[in-house]
Amino acid sequence: MKLLSLNIINFGNLNGYTYDFNENIASFCEKNGYGKSTLVAFIKSMFYGMETFKKNSASFLDREHYYPFTGGVFGGNLIFEYQGHTYRIERTFDQKSETNDILTVYKDNELTEELGNVPGETIFGISKESFERLIIINSDKIEIQSTTDVSSKLNNYAANVSDDFDIDKVLKKAKDLKKVESEKSKEIKKQISELKTDISNLENIKSSLDGKYKSLNEAEKNYQTASRIYKESMEKGIVVEQWKQYDSLNNECKSLKERIDSILNRYKNGLPTIDEINQVKESNQKIKIDNASLERGSISPKEESEYNSLLSKYESYLPTKEEVAVVEEKINKLNRLNEDKTEIVNKEKSTEEKALESHFYNKKIEEEEINNIQTKVDEYRGLVDELSNINPNIEKTTKENKKPVNKLYVISLILFIIMLGAGIGLIFVNLILGIILSAIGGLGSIALLILILTSQNKEPKTIVESIPNEEYENKKKDIDKKKQEILILLARYQYVDGDINDLFNQFKNDANRYNAILEENNKNINKVNELENEINELDEEISLFFNKLGFPSMSFDKALSTLKEELSRLDILKGIVNNASLNKEQVKNNIKSEQEKVDAFYKKYLLDKSTPIEDIEKDINDLNRLNNEYSDKVKARDDYKEKNGLTDRVAFDESVDTDTLKENETNSYNDYKVIKDELDKLEEQVADLDDLKSKLDRLIEEKQTADEMATLYENVSNEIKKADASLTNKYVAPIKDRFVYYADLLEKVIGEKVHMDRDFKVMFDHEGILRKSDHLSSGILTICALCFRLALLDNMFEKDNIFIIMDDPFITLDEEHFIKAKALVGELAKNKQILYLTCHQSRRI
Amino acid sequence: MKIIHAADIHLGSKIESKFPLEMTLKRRKEILDTFSRMVSFAKENDVKVILLAGDVFDKDKPAIKDKEFFYKTVKNNPEIDFLYLKGNHDIEGSYEETSIPNLKTFNSGEISTYSYGNIDISGIEMVNENYRSFYSKIMLNKERINIFLLHGDDSNTFGLNKIRIDSLANKGIDYLALGHYHSYKEGKIDSRGRYAFSGCLEGRGFDECGEKGFILLDVDKEVKSTFIPFSRRTIHEVIVDLTGSSDLVDAKSKVDLSIKDIDKDDILLINLIGNLPVNAEITADDIKVYLENRFYFVYVKNKTNSLIRLEDYVNDKSLIGEFVRGVYASEEYDEETKQKILSTGIKLITKREVER
């Protein structure tokens, strides 16, 4: 490898600059600012290019540094010989971006791509940074204070790494990373173990759920059965009651029917009409009058007086028979209404009603009041539930304070120190005694110090104690307060002494029952009012009727009876008066004629003549009324049946007590609830199982990663160590050999025979004795370091004898050493191309 | 008549371990909520029957609260019949309500059939004792529309939770409603019938990616089926090849391109793959931070490799060259391990950040 020429078009402050490397040593001695560094940078950039300009970069990059102030094409070319061929690298650079740079490489004047995008890496096998460190030698880079630096820098020279690269730091970093991962793995392992225990516990709980689910299902079935039986019983009871009611209605119908049939049985040949009955009644009346006329012949003065009196009484208003019948009906109705009213008014209060009255003071309990207490009871129950979820006690963890240093230890320590001091003093007087005393004092002091330090380094104990849970206590207080509020409210109604839930339930049931009774009573009061209104209306109508007739005040029944009697008497007296003008025969004929009509009537209906027509009339009227009643009753009965959907009668055991069934239902529900509550709590614990398992999966994965990473860092560390050893081994012997070569040169120029051992330690032979390099001057050491570098380069670039660039390397040497170094460079230049750059005439070669 | 075919609801299920705890709890609620929404959908669309082809519950012993939720949903919708065939996850009961009129069940002893007009819906639960023999018990009236429920994967062999579709050919099945496989899938049984897996209603982890929902059947003289995507959110697995990306900007743009059509409410698993330059500094955390506020949840796995090739270091005279050659020459490691060692080692030597 040999540089042949370079041509700079524009690069920093150099433009149109050409240089031919004719000699093996190209020496540039120019003042600062001439462009020595630019020349070096140009060669470097031809091989390696330049980094893209970065706006925010802290460092001043080459592209920015060497961009020509005057503008124009930024770049040039470099011609060199490599592996028997002539290469020309042409490059132009963009002001900012590497991507806009143009690189062209010619091999023996033919375009070639065999050197790739970075020819420097292809040719030298090292990075741009290593090129700077290895090929370019300046005073800083070879100035070293001892040869130990030389060996430590071997890697820096050989490795493609930064200047401050330190293999030990890399290995330490790998070790630290491995430690972090190992500790993480260890910590996770601990967590996994704890987690597995928790999971195992929960799995045990979960497996115990089987039996509980079975019990729950059984309890649920029991509850459903008890509930069904109770409901069926209640439903059956209701149906049975409905059938009873139906039967009662039906019996009434039957009774009416029997009465109807009993009347109808008396009228085998059909029923006489009212007109027929009235005609018979009229005939009877006529017969009665005519017979009276026949018996008396003429009206007596007394009868006449009675007749006139009655005529006078009913002169202004004589009611017809129909009007009398209407009044009679009204009086009957009035009597019935009064009976109904009396029945309601006189109804006695039940024992239950009396008992409830004493609780509620005859007052309705408003819904709002019940709801208000209900809300408080619900709140109370909520608080009780919350309390059951709070632990009565909590665990408090505290750390024991560090114990102060035991005074006895301190005093003993002081005594031993005094003994040590005394022993040392005694040595000068009595050696043996002094040593013994010192030894006892010393050993005692050390032992006590260890004792004190150990006791102080002990971790304070963690104390776990169970203390009452404040939240639990507060909740209890809230419950007591709420309970007191409820008890005060219930006490108003005399519900005291007992479980709050039982008391409230009793209160609520009683209040609802009493409200229902009060409602029923109100209905009855309304009914009585309605009856009274109707009674008053009838009373008024009937009174008006009798007032119109001038009847004195008397009962309606009596007034009606008097009226009917007087009207009948008036009819008879009127007949006697009318018959007075007729002869007896005519009267008898009239009687006969009327009697025939009456007889025909009885014959027609096959009735016994002894049956009074009034009875028959009553039968017919009764029959009409009974028929109406019967048809109403039948309708009511059928409606009731339809309304309640009564189809089939159900078998019902009257001995079954629904209260007991209800109690069974409640008990079985409570049994079910106890198991369910217990299961809810267990399930709540088991619910965490999935999350714990997920966490376990995650931890196992994390542990695996940590283990893998720890192994990876271990492997990385081992491989770096191997690489380092290999690199060292690769270069040690050859470098040593080449160093001997340069040492021979050194001997020539400095008169000292320098040796290097396997660890690159430099020693020199002084009068037949090998001495450490420490005895060498710094100037000689610098020259040794240069030799070492050259030896390294020779080995790294064995096949291609690479050029070196010396950028004022000897600036710090004194004159004596510079002369020696100059001689050395002269020797070197015989076999190696050197670019020697200096800005000092005194350092010119 | 309209029928819904759903399966694998997995109420009370374990949720993906990579989700944070609060998200796990929320996801469980979402599964319950989606089941309720499906029932509401059924009500609104005049669906008469909901077929549940197994694994309504997730565990062997479902929690009472999950069972109560299910039973309450069924009881609150008496106009819909729920035909519930137990799967491998809910075959072992815990708390059971037995007397819900519109909850109709199947058993493993005999084939049970429920009829609706001209439609017969039959099914049998598969257990160790019957997984081979139940095929011969299927004798359907071929004059009617036959829907059959089973729970198991389609398979070429006989086995528990395995269904040989070919053994169900020519039995008169018009539609085979299946559960067990957690994604929608359908196929042909014979010239008459088709089979379908409805998949689950909600994905629960990164092994249940893609659209989830149920199948709506419209049955008249034939069975028409439509898959209805219905999940609250979808889980996606996205593979992003970062080969050639040298920096985070480039990587982000590739990620953006891969997720551009994904809804912000969805859950993403992003697998970064490809070979990166050895000096590329792209980590899973960088991508996660970049995406985490844009989606409901994002999990990023970095499976990229820094491909370090031996030929690039043959002439490298440095420690790195020595290191690369040494690792390549070693017989202790497989290729993947070698790449990991090389990538980590070079980063350490060049003092760059090492990603776990």
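When every Cα-Cα distance of the protein assembly as shown is counted in 10 angstrom steps from zero, the calculated P(r) takes the values 1, 6, 8, 9, 9, 9, 9, 9, 8, 7, 5, 4, 3, 3, 2, 2, 2, 1, 1, 0, 0, 0 percent. Each Lys or Arg adds one and each Asp or Glu takes one away; over the other residues whose Cβ falls under 10 Å from the Cβ of residue A:560, this sums to 0. The accessible area of residue A:342, taken with all protein chains in place and a 1.4 Å probe, comes to roughly 70 Å². With r as the distance between the Cβ atoms of residue A:554 and residue A:523 and R0 = 30 Å, compute the FRET efficiency 1/(1 + (r/R0)^6) and round to 0.05. The formula returns an efficiency of 0.25 here. Length gained on full extension, residue A:454 to residue A:680: 76.2 nm, using 0.36 nm per residue less the C-alpha separation. Between residue A:491 and residue A:354, what is the FRET efficiency for a Förster distance of 22 Å, r being their Cβ-Cβ separation, to the nearest 0.05? It comes to 0.55.
The contact between chain A and chain B removes approximately 4000 Å² from the accessible area (both sides summed; 1.4 Å probe; ligands, DNA and RNA excluded).
Ranked by solvent-accessible area (1.4 Å probe, protein heavy atoms only, all chains present), the residues A:633, A:175, A:618 order from largest to smallest as A:175, A:618, A:633.
Where only DSSP H runs of four or more residues are counted, chain B gives -7500 deg cm²/dmol as its mean residue ellipticity at 222 nm, each run worth -39500 (n - 2.57).
Couplings for region A:542-555, taken from phi via the Karplus curve 6.51 cos²θ - 1.76 cosθ + 1.60 with θ = phi - 60°, read 5, 4, 4, 4, 6, 4, 4, 7, x, 6, x, 5, 6, 5 Hz in order; Gly and Pro are left as x. Think of a 1.4 Å ball rolled over the protein heavy atoms: chain A then has 58 Å² of accessible area per residue. Taking amide H as placed 1.01 Å from N in the peptide plane, residue A:836 has its amide H under 5 Å from the amide H of A:26, A:27, A:28, A:806, each at least 5 places away in sequence or on another chain. What is the spin-label model distance, in nm, from residue B:221 to residue B:264 if the labels are put 7 Å beyond Cα along the C-beta direction? Output for this residue pair reads 5.0 nm.
Reducing region A:318-394 and region A:1-29 to their Cα centroids gives an inter-centroid distance of 126 Å. Taken as Cα centroids, region A:670-715 and region B:205-278 sit 29 Å apart, rounded to the nearest whole angstrom. Probing with 1.4 Å while keeping every protein chain in the model, the per residue accessible area of region B:165-209 equals 35 Å².
Here the spin labels are modelled as points 7 Å beyond Cα on the Cα-Cβ line, and at residue A:698 and residue A:391 they lie 2.4 nm apart. Compute the angle between helix A:613-643 and the longest alpha-carbon principal axis of chain A, please, reported from 0 to 90 degrees and rounded to the nearest 10. The answer is roughly 10 degrees.
Only helices reaching 27 angstrom along their own axis (Cα) with mean Kyte-Doolittle hydropathy no lower than 1.6 count here, and not one DSSP H run of chain B does. Charging the Cβ of each Asp and Glu at -1 and of each Lys and Arg at +1, and nothing else, the dipole of region B:111-245 about its Cα centre rounds to 320 debye. When only the Cβ of Lys, Arg, Asp and Glu is charged (+1, +1, -1, -1), the dipole of the protein assembly as shown relative to its Cα centre reaches about 2480 debye. Seen from all directions on average, region A:609-729 presents a Cα convex hull projection of 19.3 nm².
Is there a pair in A:189/A:214; A:128/A:173; A:190/B:301; A:364/A:673; A:268/A:592 whose C-alpha atoms are over 30 Å apart, and which pairs would that be? Violating the 30 Å Cα-Cα cut-off are A:189/A:214; A:364/A:673. Bridgeable lysines around residue B:185 (alpha carbons under 22 Å apart, same-chain partners fewer than 8 residues away excluded): B:2, B:86, B:162, B:171, B:212, B:224.
Considering only DSSP states other than H, G, I, E and B, which GluC sites (Glu not before Pro) in region B:128-197 qualify as loop sites with at most 12 other Cβ atoms within 10 Å? Counting only loop positions with at most 12 other Cβ atoms within 10 Å, the GluC sites (Glu not before Pro) in region B:128-197 are B:129, B:143. For the protein assembly as shown, the fraction of 1.4 Å probe accessible surface lying on carbon and sulfur atoms is 49 percent. Taking each residue as 0.36 nm, the span from residue A:688 to residue A:640 lengthens on full extension beyond its C-alpha to C-alpha distance by 11.3 nm. Expressed as an acute angle from 0 to 90° and rounded to the nearest 10, what is the orientation of the C-alpha long axis of helix A:688-750 relative to the principal long axis of chain A? Tilt of helix A:688-750: around 10 degrees.
The aspartates and glutamates within cross-link reach of residue B:221, meaning a Cα-to-Cα straight distance under 17 Å and a gap of 8 or more places when in the same chain, are B:120, B:143, B:174. For residue B:99 and residue B:228, a Förster radius of 35 Å and the Cβ-Cβ distance give a FRET efficiency of 0.65, rounded to the nearest 0.05.
Going down the table (A:206/B:65; A:376/A:508; A:196/B:288), which pairs top 22 Å between alpha carbons? Correct reply: A:196/B:288. The angle between the Cα long axis of helix A:431-457 and the longest principal axis of the Cα atoms of chain A comes to about 40 degrees, rounded to the nearest 10. For residue B:298, the residues 5 or more places off, or on other chains, whose built amide H falls under 5 Å of its own are B:268.
The values are calculated or read from the model by the stated rules, or taken from the named source; none is laboratory data. Quick caveat, the model's predicted, so the values are computed rather than measured. Virtual Cβ from ideal backbone geometry, glycine too; neighbours counted across all protein chains shown. SASA here: full protein model, heavy atoms, side chains in, ligands and nucleic acids out. Shrake-Rupley method; radii C 1.70, N 1.55, O 1.52, S 1.80 Å.
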